[in-house]
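Enquirer: Submitted below is the structure of interest, expressed as structure tokens.
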Amino acid sequence: MRGISIDADVAVVGAGILGLATAWTVLQRRPDAAVVVVEKEPAIGVHQTGHNSGVLHAGIYYAPGSLKARLCRAGKEQIERYARDRGIPYDANGKLVIAADDDEVPGLERLAERAARNGVPGLRWLDANELTTVEPAARGVAALHSPSTGVIDFRAVCDALAGDVRAAGGTVRTGWPVDRLSGNGPVVLAGPAGAITARSVIACAGLQSDRLAGTRDVRIVPFRGSWYRLRGPVADRIRGSIYPVPDPRYPFLGVHLTRRIDGEVWAGPNAFLAFARERYRRWAVAPRDAVDVARFGGFWRFAARNLAAARREFVHDVSRHAYARAVARYLPGVRAADLERGPMGVRAQAMTSDGSMVDDFRIARRGAVVHVLNAPSPAATSSRARSRASASPRSTRSASGSWRCTGTASGTSSRASCPDRACRSGSPPISFPQRRPRAEPNRRRATIDRRKTRVAPRRRTRTAAR
Ligand SMILES: Cc1cc2nc3c(=O)[nH]c(=O)nc-3n(C[C@H](O)[C@H](O)[C@H](O)COP(=O)(O)OP(=O)(O)OC[C@H]3O[C@@H](n4cnc5c(N)ncnc54)[C@H](O)[C@@H]3O)c2cc1C
């Protein structure tokens, strides 16, 4: 099919959940637009979207005011509504973040305050006895309960979105890798399968996003996350998700457990450098991917600062006994024999040349191309809200050939790292619908009052619209 040329108003690169949600959003806004999604793999949703924990995050962890915080809550509501409309099962089976000992309580209090500022609904502070009424198998000195956290199969969402895009007249082409983007509008997408000319392009290329965008100072560093499946009587007693208090020095969430929508209980994922971006065997090596990491100074700066965490993650990766001990801190009785190796996924984590992980979602545009440069967890939860940001017509109209930052990070990555030279620290994002911020909840109400909270009877809401 070499040489076939299709004209499109909007071309989306990548048929993961973000690309498909974006195409669907464009078609909902402009039903007459010619929209094409191109995906290099033979099937849709096979990378991050098909290899994740499936947690519908409620917005507990994210810096208040960040895109993650804003889009997670809105996106969760939207994806739940979408799931109900399309008959995709999801389960609000709740989450406990547990302080295993007194030393972890201050960290849990900080997290509770942050979650309250983010407006996470239904939060409860539980003491050692109360937490066992939510998760009878768990132990700890205190816990934060988020009853609205849920689980879903994001791949099923992806399939439904692809169906909607096609039904609305859009095209989803698999086996269509894009090697080059050229021109400032129209843009030519070229690859071995042919060329497409589009008025504007939205690139949601996940683990390949830096390569497609040609960024040098923001690079994707792939982090592998491997799961264990929990078996045996302890697994049967897990009701929802159980997380530790996260180490604030480290961006990943620590050893946690999730009862998934299919009923399995997964422990993990851990986080360790991957030597291949898109392969799902533990020690797979793709020479180009490994060399790219080795040549990127930012990675070595990051590694030097995180040696202890890397050692811990490595030990958890190779030793089931060590992993079982970590789980047993808040789930007594778990033994190595209860853990069985499960699947793995690879996170597309953007990192800057000074060795900082880009914490927040990041979108940038160059001419008529919008690039999603950083969309780690909770981007699947946020995907419907996130797609509105990337599909904003304002972000696709510029004729300029230079980078414009359209989604500033929440102060965690350096100004120098932004590909947009005109970006000023603290400048407002320019391509997001500017909504009036929700009124900051009354500080007294926003802070969880540990004396007044009561354990609500556990609501097991199987919210599937079948
Ligand atoms: C281990 C792990 C656990 C996670 N857990 C959760 C969770 O519980 N909850 C949550 O909300 N989020 C979670 N996430 C994050 C979530 O999975 C991702 O944020 C989300 O899937 C990103 O979607 P995407 O469409 O951007 O990327 P992807 O799903 O990776 O899709 C990108 C697509 O672009 C295609 N592509 C790339 N380059 C090209 C090219 N040149 N031409 C054509 N096509 C191209 C790829 O083949 C791919 O299909 C997790 C992620 C991982 C890895």
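Enquirer: Quick one: Asp102 ticks every box in (1) over 27 Å from Ala205 (Cβ atoms); (2) charged (D, E, K, R); (3) touching a Leu at 6+ places or on another chain (Cβ under 9 Å) bar one, so which box is it?
Expert: (3)
Enquirer: On to the next question. Report yes if some residue within the range 240-247 is touching a Lys or Arg at 6+ places or on another chain (Cβ under 8 Å), within 12 Å of the ligand (Cβ to nearest atom) and not in a loop (DSSP other than H, G, I, E, B); otherwise report no.
Expert: Yes, that holds for at least one residue.
Enquirer: Which of the residues belonging to the range 127-158 are out of contact with any Asp or Glu (no Cβ under 7 Å at 6 or more places or on another chain) and closer than 16 Å to Arg81 by Cα?
Expert: Ser148, Thr149, Ile152, Asp153, Phe154, Ala156, Val157, Cys158
Enquirer: Go over the candidates Val358, Val372 one by one and state the one that is modelled with pLDDT of 95 or more, touching a helix residue (DSSP H, G or I) at 6+ places or on another chain (Cβ under 8 Å) and within 16 Å of the ligand (Cβ to nearest atom).
Expert: Val372
Enquirer: Please determine, by comparing only the residues of the range 141-158 that are within 30 Å of Pro106 (Cβ to Cβ) and touching a Ser or Thr at 6+ places or on another chain (Cβ under 7 Å), which one is surrounded by the most Cβ atoms within 10 Å (Cβ to Cβ).
Expert: Here the residue is Thr149.
Enquirer: Within the range 321-339, is there a residue that is on the phi < 0 side of the Ramachandran plot, among the acidic types (Asp, Glu) and modelled with pLDDT of 95 or more?
Expert: Yes, the range 321-339 contains a residue that is on the phi < 0 side of the Ramachandran plot, among the acidic types (Asp, Glu) and modelled with pLDDT of 95 or more.
Enquirer: Right, another one. Taking the condition more than 18 Å from Ser353 (Cβ to Cβ), of a type in the set (A, V, I, L, M) and within 23 Å of the chain's Cα centre (by Cα), does Ala337 pass?
Expert: no
Enquirer: Would you point out which residue out of Asp179, Asp210, Asp236 is free of Cβ contacts under 8 Å to residues at least 40 places away in the same chain and under 18 Å from Gly19 (Cα atoms)?
Expert: Exactly one residue qualifies, and that residue is Asp179.
Enquirer: Then there is this: If the requirement is being under 17 Å from Gly45 (Cα atoms) and touching a helix residue (DSSP H, G or I) at 6+ places or on another chain (Cβ under 7 Å), which of these qualifies: Val141, Val165?
Expert: Val165
Enquirer: Filter the range 260-273 for residues that are surrounded by fewer than 21 Cβ atoms within 10 Å (Cβ to Cβ) and over 18 Å from the mean Cα position of the chain (by Cα); which is farthest from the ligand (Cβ to nearest atom)?
Expert: Going through the qualifying residues, I end up with Gly263.
Enquirer: Taking the criterion of being touching a Pro at 6+ places or on another chain (Cβ under 7 Å) and over 29 Å from Val105 (Cα atoms), would at least one residue in the range 253-260 satisfy it?
Expert: no
Enquirer: Working only within the range 274-286, note down all residues that are over 14 Å from Pro343 (Cβ atoms), within 14 Å of the ligand (Cβ to nearest atom) and either crowded, with 21+ Cβ neighbours inside 10 Å or modelled with pLDDT under 95 (or both).
Expert: The one that is over 14 Å from Pro343 (Cβ atoms), within 14 Å of the ligand (Cβ to nearest atom) and either crowded, with 21+ Cβ neighbours inside 10 Å or modelled with pLDDT under 95 (or both): Arg277.
Enquirer: Can I ask one more? I want to confirm something. Restricting to the range 287-330 and keeping residues that are under 25 Å from Asp236 (Cα atoms) and in contact with a strand residue (DSSP E or B) (Cβ under 7 Å, 6 or more places away or on another chain), which single residue is surrounded by the fewest Cβ atoms within 10 Å (Cβ to Cβ)?
Expert: Arg320
Enquirer: Please determine, by comparing only the residues of the range 375-385 that are part of a helix (DSSP H, G or I) and not hydrophobic (A, V, I, L, M, F, W, C), which one is farthest from the ligand (Cβ to nearest atom).
Expert: Across the range 375-385, the extreme among qualifying residues is Arg384.
Enquirer: Looking only at strands (runs of 3 or more DSSP E) that lie completely in the range 164-219, which have at least 3 residues being away from the ligand (no atom under 13 Å from the Cβ)? Break it down into steps so the answer makes sense when it comes.
Expert: Details: elements: 171-173, 180-182, 187-191, 194-203.
Ranges flagged: 194-203.
Enquirer: Tell me, which residue of the range 37-75 that is under 23 Å from Pro192 (Cβ atoms) and not charged (D, E, K, R) is surrounded by the most Cβ atoms within 10 Å (Cβ to Cβ)? Explain how you work it out, then say what you get.
Expert: Of the residues in the range 37-75, the ones under 23 Å from Pro192 (Cβ atoms) are 37-47.
Still in the running and not charged (D, E, K, R): 37-38, 42-47.
On the way: Val37: 30, Val38: 27, Pro42: 9, Ala43: 13, Ile44: 23, Gly45: 24, Val46: 19, His47: 24.
Per the stated criteria, the residue is Val37.
Enquirer: Moving on. What is the residue count in the range 211-252 for residues that are closer than 16 Å to Asp360 by Cα and either out of contact with any helix residue (DSSP H, G or I) (no Cβ under 9 Å at 6 or more places or on another chain) or of a type in the set (S, T, N, Q) (or both)?
Expert: 1
Enquirer: List the number of the failed condition for Phe296; all other conditions in (1) more than 25 Å from Arg211 (Cα to Cα); (2) at pLDDT 95 or above hold.
Expert: (1)
The values are calculated or read from the model by the stated rules, or taken from the named source; none is laboratory data. Quantities reported herein were computed from a predicted structural model and do not represent experimental measurements. All Cβ positions, glycine included, derive from the backbone under ideal geometry; neighbour counts span all protein chains shown.
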